[in-house]
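Read through the structure below, which is laid out as C-alpha coordinates, and then see the notes.
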Amino acid sequence: MNIFRFSGDMTHLMSVLVLLLKIHTIKSCAGISLKTQELYALVFLARYLDIVTNFISLYNTIMKLIFLGSSFMIVWYIRRHRIVRRSYDKEHDTFRHLFLVLPCFILALLINERSAFKEIMWTFSLYLEAVAILPQLVLLQRTKNIDNLTGQYVFFLGAYRALYICNWIYRYFTEPHYVHWITWISGLVQTLLYADFFYYYFNSWKNNVKLQLPA
Amino acid sequence: DLESEFHDEL
(Lines give C-alpha, C1' and ligand atoms only; values in the text may rest on other atoms or scores of the structure.)
Protein backbone atom coordinates (compact mmCIF):
# COMPACT_ATOMS: atom_id res chain seq x y z
CA MET A 1 0.00 0.00 0.00
CA ASN A 2 1.40 3.37 -1.00
CA ILE A 3 1.39 6.60 1.00
CA PHE A 4 -1.38 8.21 -1.12
CA ARG A 5 -3.74 5.31 -0.61
CA PHE A 6 -3.05 5.22 3.14
CA SER A 7 -3.41 9.01 3.51
CA GLY A 8 -6.63 8.81 1.49
CA ASP A 9 -8.04 6.16 3.80
CA MET A 10 -7.00 8.21 6.83
CA THR A 11 -8.67 11.42 5.60
CA HIS A 12 -11.76 9.34 4.83
CA LEU A 13 -11.63 8.03 8.38
CA MET A 14 -11.11 11.58 9.68
CA SER A 15 -14.20 12.80 7.83
CA VAL A 16 -16.32 10.11 9.48
CA LEU A 17 -14.80 10.84 12.91
CA VAL A 18 -15.37 14.60 12.55
CA LEU A 19 -19.00 13.96 11.69
CA LEU A 20 -19.54 11.51 14.54
CA LEU A 21 -17.76 13.89 16.92
CA LYS A 22 -20.08 16.71 15.91
CA ILE A 23 -23.19 14.57 16.27
CA HIS A 24 -22.13 12.83 19.47
CA THR A 25 -20.71 15.76 21.45
CA ILE A 26 -22.78 18.72 20.23
CA LYS A 27 -25.84 16.48 19.76
CA SER A 28 -26.54 18.28 16.53
CA CYS A 29 -26.74 17.26 12.89
CA ALA A 30 -27.46 20.77 11.60
CA GLY A 31 -26.21 21.20 8.07
CA ILE A 32 -25.76 17.45 7.55
CA SER A 33 -27.68 15.81 4.73
CA LEU A 34 -29.42 12.61 5.81
CA LYS A 35 -29.87 11.77 2.13
CA THR A 36 -26.12 11.75 1.55
CA GLN A 37 -25.55 9.66 4.68
CA GLU A 38 -28.16 7.11 3.61
CA LEU A 39 -26.59 6.93 0.17
CA TYR A 40 -23.18 6.26 1.75
CA ALA A 41 -24.66 3.48 3.88
CA LEU A 42 -26.00 1.95 0.65
CA VAL A 43 -22.63 2.48 -1.07
CA PHE A 44 -20.76 0.54 1.61
CA LEU A 45 -23.42 -2.15 1.82
CA ALA A 46 -23.21 -2.76 -1.95
CA ARG A 47 -19.42 -2.55 -2.10
CA TYR A 48 -18.49 -4.68 0.88
CA LEU A 49 -20.65 -7.69 0.00
CA ASP A 50 -17.36 -9.57 -0.23
CA ILE A 51 -16.37 -8.76 3.35
CA VAL A 52 -16.76 -12.35 4.54
CA THR A 53 -15.78 -14.18 1.35
CA ASN A 54 -12.79 -12.19 0.12
CA PHE A 55 -10.11 -11.61 2.75
CA ILE A 56 -7.41 -9.17 1.67
CA SER A 57 -5.86 -8.01 4.91
CA LEU A 58 -6.80 -7.30 8.50
CA TYR A 59 -6.45 -3.59 7.72
CA ASN A 60 -8.94 -3.93 4.87
CA THR A 61 -11.51 -5.85 6.90
CA ILE A 62 -11.30 -3.49 9.88
CA MET A 63 -11.65 -0.39 7.69
CA LYS A 64 -14.64 -1.92 5.91
CA LEU A 65 -16.29 -2.66 9.25
CA ILE A 66 -15.61 0.92 10.42
CA PHE A 67 -17.08 2.48 7.28
CA LEU A 68 -20.11 0.19 7.35
CA GLY A 69 -20.71 0.62 11.07
CA SER A 70 -20.18 4.38 11.16
CA SER A 71 -22.40 5.09 8.15
CA PHE A 72 -25.31 3.18 9.69
CA MET A 73 -24.61 4.75 13.08
CA ILE A 74 -24.79 8.26 11.58
CA VAL A 75 -28.07 7.46 9.82
CA TRP A 76 -29.43 6.06 13.10
CA TYR A 77 -28.39 9.21 14.99
CA ILE A 78 -30.11 11.56 12.53
CA ARG A 79 -33.29 9.49 12.20
CA ARG A 80 -33.73 8.03 15.65
CA HIS A 81 -31.73 9.86 18.31
CA ARG A 82 -34.14 11.78 20.55
CA ILE A 83 -32.08 15.00 20.64
CA VAL A 84 -29.98 14.83 17.47
CA ARG A 85 -32.95 14.36 15.13
CA ARG A 86 -34.47 17.68 16.24
CA SER A 87 -31.62 19.60 14.57
CA TYR A 88 -32.10 17.82 11.25
CA ASP A 89 -32.83 20.35 8.51
CA LYS A 90 -35.65 18.45 6.84
CA GLU A 91 -37.00 21.40 4.83
CA HIS A 92 -33.77 22.01 2.97
CA ASP A 93 -32.62 18.39 2.59
CA THR A 94 -35.06 17.52 -0.18
CA PHE A 95 -32.95 15.63 -2.71
CA ARG A 96 -34.63 12.42 -3.94
CA HIS A 97 -32.58 9.23 -3.40
CA LEU A 98 -34.11 7.52 -6.40
CA PHE A 99 -32.87 10.16 -8.85
CA LEU A 100 -29.35 9.06 -8.00
CA VAL A 101 -29.80 5.38 -7.09
CA LEU A 102 -31.76 4.32 -10.17
CA PRO A 103 -29.49 5.83 -12.88
CA CYS A 104 -26.42 4.47 -11.06
CA PHE A 105 -27.93 1.00 -10.90
CA ILE A 106 -28.91 1.01 -14.58
CA LEU A 107 -25.45 2.30 -15.52
CA ALA A 108 -23.85 -0.49 -13.45
CA LEU A 109 -25.97 -3.07 -15.31
CA LEU A 110 -24.84 -1.64 -18.65
CA ILE A 111 -21.22 -0.75 -17.96
CA ASN A 112 -19.21 -3.12 -15.73
CA GLU A 113 -16.02 -5.15 -15.87
CA ARG A 114 -17.79 -8.48 -15.40
CA SER A 115 -21.52 -9.15 -15.21
CA ALA A 116 -21.45 -11.23 -12.02
CA PHE A 117 -23.77 -10.11 -9.21
CA LYS A 118 -21.00 -8.98 -6.86
CA GLU A 119 -19.24 -7.13 -9.67
CA ILE A 120 -22.40 -5.27 -10.63
CA MET A 121 -23.01 -4.30 -7.01
CA TRP A 122 -19.38 -3.19 -6.68
CA THR A 123 -19.69 -1.07 -9.86
CA PHE A 124 -23.03 0.32 -8.66
CA SER A 125 -21.34 1.38 -5.40
CA LEU A 126 -18.62 3.21 -7.35
CA TYR A 127 -21.14 5.14 -9.44
CA LEU A 128 -23.32 5.91 -6.44
CA GLU A 129 -20.38 7.06 -4.31
CA ALA A 130 -19.41 9.46 -7.11
CA VAL A 131 -22.70 11.35 -6.79
CA ALA A 132 -23.71 10.64 -3.18
CA ILE A 133 -22.23 13.96 -2.00
CA LEU A 134 -24.67 15.97 -4.17
CA PRO A 135 -27.49 16.24 -1.58
CA GLN A 136 -24.88 17.42 0.94
CA LEU A 137 -23.49 20.05 -1.42
CA VAL A 138 -26.99 21.27 -2.25
CA LEU A 139 -27.76 21.52 1.47
CA LEU A 140 -24.53 23.47 2.10
CA GLN A 141 -25.51 25.89 -0.62
CA ARG A 142 -28.91 26.43 0.99
CA THR A 143 -27.44 26.83 4.49
CA LYS A 144 -26.49 30.38 5.38
CA ASN A 145 -24.03 29.55 8.13
CA ILE A 146 -21.91 26.47 7.62
CA ASP A 147 -20.31 25.50 10.94
CA ASN A 148 -16.63 24.56 11.08
CA LEU A 149 -17.15 20.84 11.66
CA THR A 150 -19.50 20.47 8.69
CA GLY A 151 -17.02 22.37 6.51
CA GLN A 152 -14.18 20.14 7.73
CA TYR A 153 -16.25 17.02 7.13
CA VAL A 154 -16.72 17.89 3.45
CA PHE A 155 -13.10 19.04 3.18
CA PHE A 156 -11.78 15.68 4.47
CA LEU A 157 -14.09 13.79 2.10
CA GLY A 158 -12.78 15.80 -0.84
CA ALA A 159 -9.17 15.30 0.27
CA TYR A 160 -9.78 11.55 0.45
CA ARG A 161 -10.93 11.55 -3.18
CA ALA A 162 -8.00 13.66 -4.37
CA LEU A 163 -5.52 11.35 -2.58
CA TYR A 164 -7.11 8.29 -4.17
CA ILE A 165 -6.45 9.77 -7.60
CA CYS A 166 -2.77 10.22 -6.63
CA ASN A 167 -2.85 6.58 -5.49
CA TRP A 168 -4.17 5.41 -8.88
CA ILE A 169 -1.53 7.40 -10.76
CA TYR A 170 1.16 5.91 -8.50
CA ARG A 171 -0.17 2.37 -8.93
CA TYR A 172 -0.48 2.80 -12.68
CA PHE A 173 3.25 3.47 -12.94
CA THR A 174 4.42 0.96 -10.34
CA GLU A 175 2.15 -2.06 -10.86
CA PRO A 176 1.80 -4.12 -14.04
CA HIS A 177 -1.64 -4.26 -15.68
CA TYR A 178 -3.13 -1.77 -13.27
CA VAL A 179 -5.90 -0.27 -15.42
CA HIS A 180 -9.37 0.32 -14.02
CA TRP A 181 -11.29 2.74 -16.20
CA ILE A 182 -14.60 2.45 -14.35
CA THR A 183 -13.01 3.13 -10.97
CA TRP A 184 -10.93 6.00 -12.31
CA ILE A 185 -13.62 7.82 -14.27
CA SER A 186 -16.21 7.61 -11.48
CA GLY A 187 -13.50 8.65 -9.00
CA LEU A 188 -12.55 11.60 -11.16
CA VAL A 189 -16.18 12.71 -11.50
CA GLN A 190 -16.55 12.44 -7.74
CA THR A 191 -13.46 14.55 -7.10
CA LEU A 192 -14.53 17.22 -9.59
CA LEU A 193 -17.79 17.66 -7.70
CA TYR A 194 -15.71 18.98 -4.80
CA ALA A 195 -13.79 21.52 -6.91
CA ASP A 196 -16.30 24.30 -6.35
CA PHE A 197 -16.50 23.60 -2.63
CA PHE A 198 -12.70 23.57 -2.32
CA TYR A 199 -12.46 26.93 -4.03
CA TYR A 200 -14.74 28.59 -1.47
CA TYR A 201 -13.29 26.59 1.43
CA PHE A 202 -9.74 27.82 0.75
CA ASN A 203 -10.94 31.36 0.12
CA SER A 204 -12.77 31.50 3.45
CA TRP A 205 -9.70 30.01 5.15
CA LYS A 206 -7.29 32.44 3.46
CA ASN A 207 -9.41 35.50 4.21
CA ASN A 208 -10.36 34.16 7.63
CA VAL A 209 -14.10 34.57 7.04
CA LYS A 210 -16.97 32.20 7.62
CA LEU A 211 -17.52 29.63 4.88
CA GLN A 212 -20.55 30.35 2.73
CA LEU A 213 -21.37 28.91 -0.69
CA PRO A 214 -23.04 31.19 -3.23
CA ALA A 215 -26.59 30.17 -4.11
CA ASP B 1 -5.83 -12.78 -9.44
CA LEU B 2 -8.03 -10.14 -11.01
CA GLU B 3 -10.65 -10.17 -8.27
CA SER B 4 -8.36 -9.51 -5.35
CA GLU B 5 -6.48 -6.87 -7.30
CA PHE B 6 -9.70 -5.17 -8.24
CA HIS B 7 -11.14 -5.26 -4.74
CA ASP B 8 -8.16 -4.32 -2.63
CA GLU B 9 -9.17 -0.69 -2.31
CA LEU B 10 -11.79 0.70 0.01
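The values are calculated or read from the model by the stated rules, or taken from the named source; none is laboratory data. Quick caveat, the model's predicted, so the values are computed rather than measured. Note: ideal-geometry Cβ built from the backbone for every residue, glycine included; neighbour counts use all protein chains shown.
A few points about this structure:
- When each of A:26, A:32, A:51 is tested for being surrounded by fewer than 20 Cβ atoms within 10 Å (Cβ to Cβ), more than 26 Å from residue A:172 (Cβ to Cβ) and touching a Ser or Thr at 6+ places or on another chain (Cβ under 8 Å), the lone residue that passes is A:51.
- So residue A:43, is it within 14 Å of chain B (Cβ to nearest Cβ), aliphatic (A, V, I, L, M) and without any contact (Cβ under 8 Å) to a residue 40 or more places away in the chain: no
- Selection from segment A:49-100 of residues that are touching a residue at least 24 places away in the same chain (Cβ under 8 Å), more than 14 Å from chain B (Cβ to nearest Cβ) and in a helix (DSSP H, G or I): A:72, A:73, A:74, A:75, A:77, A:78, A:79, A:84, A:85, A:87, A:97, A:100
- Subset of segment A:171-199 [without any contact (Cβ under 8 Å) to a residue 40 or more places away in the chain, among the aliphatic types (A, V, I, L, M) and either touching a His at 6+ places or on another chain (Cβ under 7 Å) or away from chain B (no Cβ under 14 Å) (or both)]: A:185, A:188, A:192, A:195
- Selection of segment A:149-179 for residues being crowded, with 17+ Cβ neighbours inside 10 Å and over 24 Å from residue A:17 (Cα atoms) yields A:168, A:171.
- Selection over segment A:106-124 of residues that are among the aliphatic types (A, V, I, L, M) and within 14 Å of chain B (Cβ to nearest Cβ) gives a count of 3.
- Scope segment A:39-57; condition at pLDDT 95 or above and more than 20 Å from residue A:18 (Cα to Cα); matching residues: A:42, A:45, A:46, A:47, A:48
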